[in-house]
Structure formats: structure tokens, C-alpha cells
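Just below is one structure, and these are the notes that go with it.
Laboratory data are not the source of any read-out in this text; all were calculated from the coordinates shown. The shown structure was predicted, so the numbers you read here are calculated from the model rather than taken from an experiment. So basically every Cβ, Gly included, is an ideal-geometry build from the backbone, and we count neighbours across all protein chains shown.
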Amino acid sequence: MRNFVVIFVLLFLGINLKAQNPQNNFSYTFAMGEGYVLPTNTFLKGENVDNTKVTNMTNVSFRFAKHIHDVPPHHLYNDFRYGIGAFYGAFNYSKNLGNPFALYAFAGFSPIKYGRFTYKNELALGFSGPWQIYSETNKENVVVSMPIESYFHLDFEGCWTLSQDWQLNTGLAFIHFSNGAFKKPNKGANVLSAQLGLTYTPKAEKIKFRDLPIEDSKPWNIYANVWGGVHAVNFDYGENQTVQKSYAVYGLQFRYMRNLSTKYALGLGAECLENTSVGKTDSIYYLYPERRDYKFVDRFHAGAYLAFQYNIYDFSILLEPGYAFLQVHGYASRMYQRLGLRYNISKHSFAQMALRAYSFHVADFIEFGLGVKF
């Protein structure tokens, strides 16, 4: 925990020193919340040593934000801000699970302002821990398997201006903990939390809200990329005999995108991939030579998906629900979801990282890719 605090203080000082631009201002937010834990796995449903359901999480957080406006390209986003935050959550039942701390970076903006009311949202990514992980002596905990897991939240807030310097915030946050299936079991935890907070903005400046739908000079673009990752599989041979193996997964992706504005793009995508873990299921037969090895055609998948991207300068947030129309042997539903982040290295090249999931809560694997834009 000491390392978490040191890192947070250093990041806070670094952003604070850069926040002295007269065109920018900065704010401090303290919030508390009460959340409902979605019952997405057996441990949370009560299959633990005390047969107790994990139903709710009480949480507190602190955020420091730097606000940027009237400076291209940030003038396209009303009250564009970014910063760092700290989080602590306490489950109603945490035995053999833990109560996580988290440190994260976030970015957000305010789409709507009407009088004293402002609607805000933000997206955060970071790290959480320490967790009491799955082990030979804690085999009921299928939620987490690493002491440090990822942290993600998507926040929707309605804010009321109390004075020039103070705002009252209330809203809803979706909070997610997992390791992206780097190590299993990784059922993860998902929380829907009501939030209440106060924001203090010393020397606040009045922000001009506007909508500038500047069209791209090339409204249609094609994105093509290759990617690779690993898919972990657990083999349980009985009491105190669990082995984990990692298998390669890789593929090609294509997207045909229409720029709706500078911020938004919508299109269709297609992909093909090979998942070498197909056939390597949780089975005692893994130890024996009669286990079947599938051929390439059996491990080959192909799918199509709806592609939506939200652009923030050189970064893009990707939301892509899809369907695997070719999947001869699969361990998951044909319906899948991808949440990703793309960074434009140059005008015609990009790097991309995305989490592929199914059933809207089960992480499958993380994709790391490089591509070109036409």
C-alpha cells in the first residue's frame, strides 16, 4: 500500500505543476458511493466458506483533474479534463476476497449544460489491490487470481453548481475488476454504484459550451491491423492439482468506418483468428495421449461486428459487438464484445489494445495489435 501512496503523490505533484497555465483550471473531487455487486460467478453468489452472498460495496474516491478549454483540439470537447484518482471499496463480505484500493488515470468531458446543471461523464483505467487470490487453499475464490488486478470505471454524473467554486455531484458508476484473462480463474467483479460527491475548483473560469461538428476531409476510412495475445486455460486434476497453460491467439481485423464528425465514427468490421487453445478444455483427459488435437480449420474463427469509435485527438475508444459466424469448436457464445483503445502513431499507422469478452462480463483475452489506415 505504501507504494500506491508514493506513486499517487508523485503523479499529483506532476499534474499540479503543469496546471498553472492561465487558460486551464483544476479541481478536486471527493465522492462516496453504495453499489450493487452483480452476481456473475459462484463466489459472489455465495459458494464460499461462509455461504454468504457478496451483494454490495461501499466505496470512497478522490480525484484531481486538470481542465483544458479553448485550446485545440480540446475546444471540441466541452470542459475536457484529465487527471488521476484514488479509490477504496469495501464489500459486505470480503473473507478470502479482500477490499481493494485502486489508483487510476481518467479523462472526461461535459456534453450538456443548462443553467446551473451540467451533465458529465468520464472513463478511468488503473490498477487495484491487494486481493486475496485464488490458490490451492482458497479455491472457492474464482473472482481474482492475481494480487494486482486492473480497475475500470465508467461514470455518469449530474452536477449542480452551488457557487463559483463548488459543485454537488450525483450519478451512477459502473466499476469493473479483472486481469483481462491473463491468469485464471478470472470471473471478475462488476459493481453498479450510486455516487454522491463534492467538487472544489479554485479560481474557476467560466467555460464556453459549444458543438463543433468539423467533418473529416476523408469521410470514409479503412482500418486494417494484425494482433496477437494469449489465452489461459486451467486444468484441474482434483484436490491440490491445478495447472495453468497459456496458448497463442492471433488474427486479422478490417474496419470500414464513416466519420460522423471529428468525434464520432461508425462502421462495419470483419475478422479472422486462430485460437490454439481450442480443444484444450478443463479436463482430466489432458494428461493422456488420447486427448484430441484439433486441426487448424477447427481452430479457425471468423466474425463480423458493428464498429463504433469515439475520438479524443490521437486516441480512439472502440466499442464493437460482434458475431462469430464461423466457429466449429468453441468454448464461448458466438456473440462477443470488444472494448478497446487505439492510438494514432502517425497519419496512416496506429497501435491498438482491446479486451475481447462474451456474455458482457466474461473476459476472453486481450489483443495487442498494429495497423494501417487508408
Inter-site label distance for Glu47 and Asn121 at 7 Å from Cα along Cβ, in nm: 3.5
Separation of the Phe315 and Lys295 label points, Cα + 7 Å toward Cβ, nm: 4.6
Anisotropy class of the stretch 2-200 from Cα gyration tensor, a/c 1.5 cut: prolate
Total charge dipole magnitude, the stretch 2-200, about the Cα centre, Cβ charges on Lys, Arg, Asp, Glu only, Debye to nearest 20: 180
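Of Lys120/Lys218; Lys218/Lys263; Lys139/Lys184; Lys95/Lys245; Lys218/Lys373, which ones are farther than 20 Å apart at the Cα? Present the calculation step by step, with values, prior to reporting the outcome.
Numbers: Lys120/Lys218 30 Å; Lys218/Lys263 14 Å; Lys139/Lys184 11 Å; Lys95/Lys245 28 Å; Lys218/Lys373 11 Å.
Violating the 20 Å Cα-Cα cut-off are Lys120/Lys218; Lys95/Lys245.
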Phi to ³J(HN,Hα) by Karplus 6.51 cos²θ - 1.76 cosθ + 1.60 over the stretch 133-139, Hz, x for Gly, Pro: 8, 4, 7, 5, 9, 9, 7
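Going by C-beta contacts inside 10 Å, put Phe80, Phe174 in order with the fewest on the left.
Details: Phe80 21, Phe174 15.
The most exposed by this proxy come first: Phe174, Phe80.
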Val142 long-range amide H proximity, modeled H, under 5 Å: Phe43
Convex hull per residue volume in Å³, alpha carbons only, for the stretch 86-146: 113
Likely footprinting exposure, Val226, Val249, fewest C-beta neighbours within 10 Å first: Val226, Val249
Virtual spin-label span in nm between Gln244 and Asn99, 7 Å along Cα→Cβ: 2.7
Inter-centroid distance (Cα atoms) of the stretch 64-133 relative to the stretch 314-374, Å: 23
